[in-house]
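What follows is one structure encoded as structure tokens, with my remarks underneath.
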Amino acid sequence: MDNYIIKEIAIERIKRVKPHVVMSEYGVGYERGLKDAIGILNATPAAGVQPMKRGKWLINPNISHEPFCSECKETPCYRSFLPKFCPNCGAKMDGDAE
């Protein structure tokens with residue numbers, strides 16, 4: 001599974017890193033490396049990532065107790081088990097719908 005970062009937070013964390021020995025060749029090179037890392041992050045295009053939808057399976061008491069997604073209100077095509085993700089809208093079914 002892909003991992004994504006928030007670019008601004010990564011840059012702030014890099015800026016907080018300081019070399020142990022500032023007045024040395026090592027410290028100068030270390031600082032240059034940190035600036036290069038920030039430059040690389042700034043030059044990297046952002047991925048088109050959307051926030052994950054979260055929902056839970058609800059039971060419809062009016063239609064033979066069929067389960068449906070709290071996000072898209074659709075019933076899964078198979079009912080022998082309820083998947084961890086809604087097959088209709090992709091919501092993660094972990095019960096954290098807010």
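Data for the structure
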| quantity | calculated |
| --- | --- |
| Some residue of the range 27-44 being among the polar types (S, T, N, Q) and at pLDDT 90 or above | yes |
| Whichever residue in the range 60-98 is at pLDDT 85 or above and not in a loop (DSSP other than H, G, I, E, B) and, among such residues, is farthest from Asn3 (Cα to Cα) | Pro67 |
| Counted residues, the range 67-98 - those being surrounded by 14 or more Cβ atoms within 10 Å (Cβ to Cβ) and among the acidic types (Asp, Glu) | 1 |
| Selection count where residues are of a type in the set (Phe, Trp, Tyr) and modelled with pLDDT of 80 or more, scope the range 4-26 | 1 |
| Residue list for the range 48-64, restricted to those being more than 27 Å from the chain's Cα centre (by Cα) and within 19 Å of Lys84 (Cα to Cα) | Ile59, Asn60 |
| Filter pass, Gly48 being under 30 Å from Ala10 (Cα atoms), modelled with pLDDT of 85 or more and either touching a His at 6+ places or on another chain (Cβ under 7 Å) or in a loop (DSSP other than H, G, I, E, B) (or both) | no |
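The values are calculated or read from the model by the stated rules, or taken from the named source; none is laboratory data. Computed from a prediction, not measured in an experiment: that's the story for all the values here. Reconstructed Cβ throughout: ideal geometry from the backbone, glycine too, with neighbour counts over all protein chains shown.
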